[in-house]
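Encoded as structure tokens, the structure appears first; notes follow it.
The values are calculated or read from the model by the stated rules, or taken from the named source; none is laboratory data. Fair warning: this is a prediction, and the values are worked out from it, not measured in the lab. Neighbour counts run over all protein chains shown; Cβ positions are idealised from the backbone, glycine included. Side chains included, ligands, DNA and RNA excluded: accessible areas come from the protein's heavy atoms. Shrake-Rupley method; radii C 1.70, N 1.55, O 1.52, S 1.80 Å.
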2 protein chains.
Amino acid sequence: MSQPTVVTVGADMFADSVAGQAVDVERVDWRPPMPGTEADLAAVATDPRRPDANRRAVEAMLGVTAHLVDVAPASEVLGLEKGQFLHAGPPIEWARTSGPLRGALMGGAALEGLVDDPEDAVALFESGSSVSLEPCHHRSAVGPMAGVVTPSMWMWVLEDRATGRRTYCSLNEGLGKVLRYGAYSSEVLTRLRWMGDVLGPLLQAAVRGTEEATDVTGILTQMLQMGDEAHNRNRAGTLMLLRDLSPAMVSSGSDAGFDSKDVADVLRFVGGNDHFFLNLAMPACKLALDAGRDVPGSTMVVAMARNGTDFGVQVSGTGDEWFTGPAQVAEGLFLGDYGPDDANADIGDSAITETAGIGGFAMATAPAIVRLVGGTVPDALATTRRMHEITLAENPRWSVPVLEFMGTPTGIDVSKVCRTAILPQINTGMAGKVAGVGQVGAGLVTPPAEIFPKALAALAARVPSA
Amino acid sequence: MSQPTVVTVGADMFADSVAGQAVDVERVDWRPPMPGTEADLAAVATDPRRPDANRRAVEAMLGVTAHLVDVAPASEVLGLEKGQFLHAGPPIEWARTSGPLRGALMGGAALEGLVDDPEDAVALFESGSSVSLEPCHHRSAVGPMAGVVTPSMWMWVLEDRATGRRTYCSLNEGLGKVLRYGAYSSEVLTRLRWMGDVLGPLLQAAVRGTEEATDVTGILTQMLQMGDEAHNRNRAGTLMLLRDLSPAMVSSGSDAGFDSKDVADVLRFVGGNDHFFLNLAMPACKLALDAGRDVPGSTMVVAMARNGTDFGVQVSGTGDEWFTGPAQVAEGLFLGDYGPDDANADIGDSAITETAGIGGFAMATAPAIVRLVGGTVPDALATTRRMHEITLAENPRWSVPVLEFMGTPTGIDVSKVCRTAILPQINTGMAGKVAGVGQVGAGLVTPPAEIFPKALAALAARVPSA
């Protein structure tokens, strides 16, 4: 006699009752769709372009290999001019900026010599004359946390050789009192000046002197087998970058006139900052996602980014439009005596990692991350499995050994998010909400739910009438 | 009404029947003890010294922190003289040596200038005049695979600062055609000469010039959170070593007269060999285990080692005595066209890693290892859990994130092995059985079962009469 197998959806009472009769029960997680999305879900579901559009967007994204091709100042590679400031997240004006973004802009103004004292920059930004704010994403760049980029900052340059498309990111300063967390003390500015005088130029010599360009996508593949999820753990990635660049740092660095003290200082700086590789992981993810942009009918998310006030998403089928809502405060673990009241709302372009299927989406491969962002190891495993419910594909190059080499969940589908009400899981650093404080913790956060129905409505409005 | 919980041991039939009635069943793995060990098990079990002796042996082992304090030639630090050869495993005479050990001894004789052509060394070793063989373990050293050490080879020097005890290991040559796998072609000897002329001296300058001695035990802690089990995966460990030594390679290397090409060559050599750190993991494990030696009444294994012919163990309560049996051939994955018939029996001192609770014992933390040694990810998780059945402790410094930070199973107990018939799981490289071939694969192997009853009998014979 074959045993009955029962599939239950929703309330547990029926499942419990059947299980009590020794019948195999498969419990399927089901939740009602996000309120008010039923009509738009139906419209998008019947869009004849959708299956092929999503397939093309995913394939374009998965087809990108990011190579590290240069390091150079933002003035050169982004054409950034004095007074122009890039920042993380969707567009925002000074009046609505949060503390950490303000702090980073103030420090950036001092770094560029627009003011002597960062405090004097407040009046400058309030006046709005001779300064302008623009999202990193609008210049093919990404920036962690405040994400402030000024003309003199040196940028990683990544390239997709198949198309020549490039993306950019600043160099990582380390942890604690750093500009990207809104700190702007003299110690912060002194470090940034050293980064401009020594770190950037020496990395440029090393990158230009390395015979085979570093395959950043390939390092990401390895990292995911080495306990990094490439958002809040980048230890193995940083070490592999050091391995790849250090021989040329020594030989090309010496040819370029750097002495052994400079080279040793740079090796120590990079080796002492486990997050150094984050600023390569992010533009590699952006380079992949940019390839999936602008496919009419595609419901795939191509950017998630936060400016400390607003959380915004961009979707392949809706071009450059941002769908925004209030950024949330993460839940997690705090440094020293800091607590939830000290934390700013979610900030940074680093959620580009989750958008590409790593970071919070790959927590299963980095169970030690729970010691940094909170939660338990089973939570971490469950999170990666749950993200498969709202994504279009598994990334065959980014596999999770402990899940029997399953690819990471990749390509967030606005329809699936609205239909399941499962929100993307982001793990993130937390900045102090007062300008100048710096990092206060790390934790887990989601986007505000409302941005997905907004994006869905815009997709529905674009469905061609039958 | 509280549900009954049933614990079942042995045959599955009863468990199946109870489970069919919807009762919770905890299935406990049980096997009869190894045949003929009942009387010795009883004798050892009643030894009043045993609980405290094992506690002391474990505590001594877990208390050791291995620091990297020097790099120097074996002639200096081991007093090794021309014609003296160290090898892996328990003692063996030339007539009984296997192909890979022969090949390594022949190459070693040529490296030392005892013969011009490695082939001529066969007659030298057959005559036995002016040459002698001795286990690495008898000189506080360990050697991977053939483990051949000659006077001119440079050695890592590790120290337990609390006691001043030191252990030693040669420098890792990389993979493929290398001496430790029994290859002795001119390419092998050329590399060894470069290692003696450049690599060793530059590492010495770096180690002596590094302000804070590298904490090898601490690197092992980190590696286990980065996908390495520190026997067949040492990628993260190698990268962390490079991170720690590279600044001093540049500055002290330059002071010691090395030019930037030498430094870049060494960075490339180390960075290009994911196994480089194995030769630090092994002496760190030996340093810990040596602290647990010679505790009367302790049933803890302090060394497992293979010479390619015999597998030997040493036990804390029985001093320097080796209990030996025939080394087995590993099951696993083969390189290129090689197959099981090409593989030599198990060889090398590297099973010191399993003896200390990592390697095969920590496979759960390195699930990607199954792509190298075979098996499945669930097997890897199950192996670590199973090793807890035959060990005395969990190592709190070496934790496995995916098993919710459980410490690795540490301190193999001869009694538990005999009582459960569960053999220690070793993962290992496989050498070709013909001298000169080199590596043919990697896989999983266990010791010959018979050595544990032999050791148990020796322990039982030493139990004081009541």
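Starting from the range B:195-212, keep only residues that are in contact (Cβ under 8 Å) with a residue 60 or more places away in the chain, then list their pairs with residues that are open to solvent by 30 Å² or more (accessible area, probe 1.4 Å) whose Cβ atoms are within a distance under 6 Å, requiring at least 6 positions of separation or different chains.
From residues that are in contact (Cβ under 8 Å) with a residue 60 or more places away in the chain, the pairs are B:G196/B:S152; B:V198/B:D262; B:G200/B:W154; B:L202/B:F258.
Tell me whether the range B:439-447 contains one or more residues that are more than 30 Å from B:A183 (Cβ to Cβ), open to solvent by less than 10 Å² (accessible area, probe 1.4 Å) and not polar (S, T, N, Q).
no
Evaluate the following for A:N427: is it away from chain B (no Cβ under 14 Å) and under 20 Å from B:M226 (Cβ atoms)?
yes
Do we find that A:G297 is more than 9 Å from chain B (Cβ to nearest Cβ), open to solvent by less than 10 Å² (accessible area, probe 1.4 Å) and touching a residue at least 40 places away in the same chain (Cβ under 8 Å) in this structure?
Values: more than 9 Å from chain B (Cβ to nearest Cβ): yes; open to solvent by less than 10 Å² (accessible area, probe 1.4 Å): yes; touching a residue at least 40 places away in the same chain (Cβ under 8 Å): yes.
Yes; evaluated as a whole, the condition is true for this residue.
List pairs: first in the range A:233-256 and within 13 Å of B:M226 (Cα to Cα) and at the interface with another protein chain (Cβ under 8 Å from one of its Cβ atoms), second of a type in the set (D, E, K, R) and part of a helix (DSSP H, G or I), Cβ under 7 Å, 6+ apart or cross-chain?
A:L239/B:R243
Let me spell it out: the conditions are (1) open to solvent by 10 Å² or more (accessible area, probe 1.4 Å); (2) assigned to a loop (DSSP other than H, G, I, E, B); (3) modelled with pLDDT of 95 or more; (4) more than 23 Å from A:N172 (Cα to Cα), and A:T324 meets all of them except one. Which number is the exception?
(2)
Which number in (1) of a type in the set (K, R); (2) open to solvent by less than 30 Å² (accessible area, probe 1.4 Å); (3) farther than 14 Å from A:A104 by Cα marks the one condition that A:R139 misses?
(2)
Sort out which residues of the range B:161-206 are charged (D, E, K, R) and in contact with a Gly (Cβ under 6 Å, 6 or more places away or on another chain), and write them in order of number.
The initial filter retains those residues of the range B:161-206 that are charged (D, E, K, R), namely B:161, B:165-166, B:173, B:177, B:180, B:187, B:191, B:193, B:197.
B:K177, the sole residue that qualifies.
Mind listing whichever residues of the range A:334-379 are crowded, with 24+ Cβ neighbours inside 10 Å and within 12 Å of chain B (Cβ to nearest Cβ)?
A:M363, A:A364, A:T365, A:A366, A:P367, A:I369
Any chance the range B:148-166 includes a residue that's of a type in the set (G, A, S) and within 22 Å of B:I347 (Cβ to Cβ)?
No, because not a single residue in the range B:148-166 is of a type in the set (G, A, S) and within 22 Å of B:I347 (Cβ to Cβ).
Mind telling me which of the residues B:D310, B:D294, B:D290 ends up being touching a Lys or Arg at 6+ places or on another chain (Cβ under 9 Å), farther than 30 Å from B:V440 by Cα and not polar (S, T, N, Q)? Full working, then the answer.
Working: B:D310 fails: farther than 30 Å from B:V440 by Cα; B:D294 fails: touching a Lys or Arg at 6+ places or on another chain (Cβ under 9 Å).
Of the residues listed, the single one that is touching a Lys or Arg at 6+ places or on another chain (Cβ under 9 Å), farther than 30 Å from B:V440 by Cα and not polar (S, T, N, Q) is B:D290.
B:Q425: open to solvent by 10 Å² or more (accessible area, probe 1.4 Å) and modelled with pLDDT under 95, yes or no? Spell out the reasoning first.
Details: open to solvent by 10 Å² or more (accessible area, probe 1.4 Å): yes; modelled with pLDDT under 95: no.
Taking the combined requirement at face value, the residue does not satisfy it.
Check off (1) out of contact with any helix residue (DSSP H, G or I) (no Cβ under 6 Å at 6 or more places or on another chain); (2) within 25 Å of B:L68 (Cβ to Cβ) for B:G312 and give me the number that stays unchecked.
That leaves (2) as the condition not met.
On the given criteria, is B:A458 part of a helix (DSSP H, G or I), open to solvent by less than 30 Å² (accessible area, probe 1.4 Å) and touching a residue at least 12 places away in the same chain (Cβ under 8 Å)?
Taking the combined requirement at face value, the residue satisfies it.
Taking the range B:380-394, which residues are more than 11 Å from every other protein chain (Cβ to nearest Cβ), assigned to a helix (DSSP H, G or I) and surrounded by fewer than 22 Cβ atoms within 10 Å (Cβ to Cβ)?
Scanning the range B:380-394 gives B:A382, B:T383, B:R385, B:R386, B:H388, B:E389.
Would you please name the residue that is surrounded by the fewest Cβ atoms within 10 Å (Cβ to Cβ), looking only at residues in the range B:277-294 that are in a helix (DSSP H, G or I) and of a type in the set (G, A, S)?
First pass over the range B:277-294, keeping only residues in a helix (DSSP H, G or I): B:278-290.
Add one more test, that the residue is of a type in the set (G, A, S), and what stays is B:281, B:284, B:288.
On the way: B:A281: 31, B:A284: 32, B:A288: 28.
The selected residue is B:A288.
With respect to A:M406, is the statement that it is modelled with pLDDT of 95 or more, surrounded by fewer than 24 Cβ atoms within 10 Å (Cβ to Cβ), within 14 Å of another protein chain (Cβ to nearest Cβ) and farther than 21 Å from A:C169 by Cβ true?
For A:M406, the condition - modelled with pLDDT of 95 or more, surrounded by fewer than 24 Cβ atoms within 10 Å (Cβ to Cβ), within 14 Å of another protein chain (Cβ to nearest Cβ) and farther than 21 Å from A:C169 by Cβ - is met.
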